[in-house]
1. Among the residues of region 68-80, are any in a loop (DSSP other than H, G, I, E, B) and of a type in the set (Gly, Ala, Ser)?
2. How many residues are open to solvent by 10 Å² or more (accessible area, probe 1.4 Å) and in contact with a helix residue (DSSP H, G or I) (Cβ under 9 Å, 6 or more places away or on another chain) if we restrict to region 43-52?
3. So which residues in region 68-80 are loosely packed, with under 15 Cβ neighbours inside 10 Å and not hydrophobic (A, V, I, L, M, F, W, C)?
4. Could you tell me which residue of region 98-144 is farthest from Ala74 (Cα to Cα), considering only residues that are open to solvent by 50 Å² or more (accessible area, probe 1.4 Å) and not in a helix (DSSP H, G or I)?
5. Within region 81-97, work out how many residues are among the charged types (D, E, K, R) and open to solvent by less than 50 Å² (accessible area, probe 1.4 Å).
6. Tell me, yes or no, whether region 188-209 has at least one residue that is open to solvent by less than 50 Å² (accessible area, probe 1.4 Å), among the small types (Gly, Ala, Ser), out of contact with any Pro (no Cβ under 7 Å at 6 or more places or on another chain) and not in a strand (DSSP E or B).
7. Filter region 15-59 down to residues that are acidic (Asp, Glu) and over 16 Å from Ala143 (Cβ atoms), then give me how many there are.
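The values are calculated or read from the model by the stated rules, or taken from the named source; none is laboratory data. Computed from a prediction, not measured in an experiment: that's the story for all the values here. As a convention, Cβ positions derive from the backbone with ideal geometry for all residues, glycine included, and neighbour counts pool all protein chains shown. Accessible surface is based on the protein model in full, side chains and every heavy atom, while ligands, DNA and RNA are left aside. Shrake-Rupley method; radii C 1.70, N 1.55, O 1.52, S 1.80 Å.
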Amino acid sequence: GAQLVSLLVGGGGDEAVVIDFCAGAGGKTLAIAARLSATARLIASDTDGGRLKRMEPRLARAGIKGVETHVLVADDPWLGEQDGVADRVLVDMPCSGTGTWRRAPDQPGRLTPERLGQYQREQIAILEQAAKLVRPGGRLIFATCSVLRSENEDQITSFLDRNEFRVLKIADVWAETIGGAAPAAGESLQLTPGRHGTDGFFVAVLEKKS
């Protein structure tokens, strides 16, 4: 499931700028890099510098060079410097992780309404930051490992009310980036263990209006 999320980012062209905004230790960054043109620019950012550091040996083992990294800080001037430069921005959101509960049976008891509310507020703030990085005509790829509507469809609906983006049909994005028929026909993709044999993942691809 995580690899499918990376594939749906696509390449964006030979001179593309691609940002993995919540890159963590770089699992999706590696998958994105493997499909990019050698002349494209790939930036991995995260608030946790330690996790970004762990990406370096993974990139080296894969023979991938040229990935830029940036540790995000409060009131980060870097965000303004990257305003409107990206063809693709992947936002793999911090979330409840409900899509992974089948292999983490102790997790359901840890999710409280308060904690879920905190995740939702973080998601709104991250989306607003990431949206500014996308150039007109570029794409914002929103992903969670959640199966909760409040973290997925509801967040997208709220975001579209505030920003000049539109949702691309997932079948069209799938055909363009992966090929073949998508396992969903609507505007977004919800993977589930029961239907697809993967962890639960949600993906929506949004295009910034020109």
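1. In the first step, residues of region 68-80 are kept if they are in a loop (DSSP other than H, G, I, E, B); the result is 72-76.
Okay, now just the ones that are also of a type in the set (Gly, Ala, Ser), so 74.
Taking every residue of region 68-80 in turn, at least one turns out to be in a loop (DSSP other than H, G, I, E, B) and of a type in the set (Gly, Ala, Ser).
2. Qualifying residue count for the region: 1.
3. So the first thing to find is which residues in region 68-80 are loosely packed, with under 15 Cβ neighbours inside 10 Å, and the list is 68, 73-75, 77-78, 80.
Listed by number, the residues that qualify are Glu68, Asp75, Pro77, Gly80.
4. Filtering first and then ranking leaves Pro105.
5. If we filter region 81-97 for residues that are among the charged types (D, E, K, R), which is where we start, we get 81, 83, 87-88, 92.
Going one step further and asking which of them are open to solvent by less than 50 Å² (accessible area, probe 1.4 Å), we end up with 87-88, 92.
So the count comes out to 3.
6. Within region 188-209 (the criterion being open to solvent by less than 50 Å² (accessible area, probe 1.4 Å), among the small types (Gly, Ala, Ser), out of contact with any Pro (no Cβ under 7 Å at 6 or more places or on another chain) and not in a strand (DSSP E or B)), the answer is no, since none of the residues qualifies.
7. Keep residues of region 15-59 that are acidic (Asp, Glu), which gives 15, 20, 46, 48, 56.
Remaining after also requiring over 16 Å from Ala143 (Cβ atoms): 15, 48, 56.
Of the residues in that region, 3 qualify.
Per-residue answers, yes or no, for (1) among the hydrophobic types (A, V, I, L, M, F, W, C); (2) closer than 24 Å to Ile170 by Cβ; (3) part of a loop (DSSP other than H, G, I, E, B); (4) open to solvent by 20 Å² or more (accessible area, probe 1.4 Å):
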| residue | (1), (2), (3), (4) |
| --- | --- |
| Leu7 | yes, yes, no, yes |
| Ile32 | yes, yes, no, no |
| Thr39 | no, no, yes, yes |
| Arg61 | no, no, no, yes |
